[in-house]
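*Asks:* Below are the structure tokens for one structure; questions will follow.
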């Protein structure tokens, strides 16, 4: 049996910009994506801690070291600069693998700098 498990999470990522006229997606600084194993164009689920909105989209890489978290397209309506997001990706594991699975988690602080990690 396959089980869908949390693969990676960026917790308390602060929105740095929004672009309503962009095609869509969520821009994430590529160094943050790499640390938790998120891939460009991977499906992500995000929840906005400020307003409770949840949305599903795909991740696109932003400049490394920039701390960029940008709401693009329709998602620009679901938050504003300064809001904190939890950004999650998921994967399918065999049920035996799932028993020992630990996701890669980064907790972010000011300027989207890493303040805590788990599972890395």
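Every read-out reported here was derived from the displayed coordinates using simple, explicitly stated rules and does not represent laboratory data. These numbers were taken from a predicted model, which means no experiment stands behind them. Here the Cβ positions follow ideal geometry from the backbone for every residue, glycine too, while neighbour counts run over all protein chains shown.
*Asks:* Cα centroid distance between the range 70-93 and the range 1-58, in Å?
*Replies:* When both Cα centres are located, 5 Å separates them.
*Asks:* So, one more: Give me 88, 1, 38 ranked fewest to most by other Cβ atoms within 10 Å of their Cβ, as a rough exposure proxy. Spell out each step's value before the answer.
*Replies:* Working: 88 21, 1 7, 38 25.
Exposure proxy ranking, most exposed first: 1, 88, 38.
*Asks:* Moving to a separate point now. If you build a Gaussian network model of the chain, linking Cα atoms that sit under 10 Å apart, which residue out of 43, 12, 96 swings the most?
*Replies:* The residue that fluctuates most here is 96.
*Asks:* Return the single residue from 68, 13, 100 with maximal mean-square fluctuation; model: Gaussian network over the chain, springs between Cα atoms under 10 Å.
*Replies:* 100
*Asks:* Hey, another quick one. Quick one: work out the % antiparallel among DSSP beta bridges in the chain, nearest 5. Each step should come with its number before you reach the end.
*Replies:* Numbers: 28 of 39 bridges.
Close to 70 percent.
*Asks:* Calculate, in whole percent, how much of the Cα-Cα pair population of the range 45-105 lies beyond 14 Å. Walk me through the numbers before you get to the answer.
*Replies:* Details: 1179 of 1830 pairs.
Percentage above 14 Å: 64.
*Asks:* For a label point 7 Å from the Cα of residue 4 along Cα→C-beta, name the residues of the range 82-103 whose backbone N is under 19 Å from it.
*Replies:* Only 86-99, 101-103 fall inside the zone, counting backbone N under 19 Å.
*Asks:* Report the semi-axes of the equivalent ellipsoid for the range 1-55 in whole Å, largest first, where each axis is √(5λ) for an eigenvalue λ of the Cα gyration tensor.
*Replies:* 21, 15, 13
*Asks:* Ignoring solvent entirely, what values of log10 I(q)/I(0) come out of the Debye formula for the chain at 0.09, 0.12, 0.14, 0.22 Å⁻¹ when each Cα is a single scatterer?
*Replies:* Scattering profile of the chain, log10 relative to I(0): -0.23, -0.40, -0.54, -1.23.
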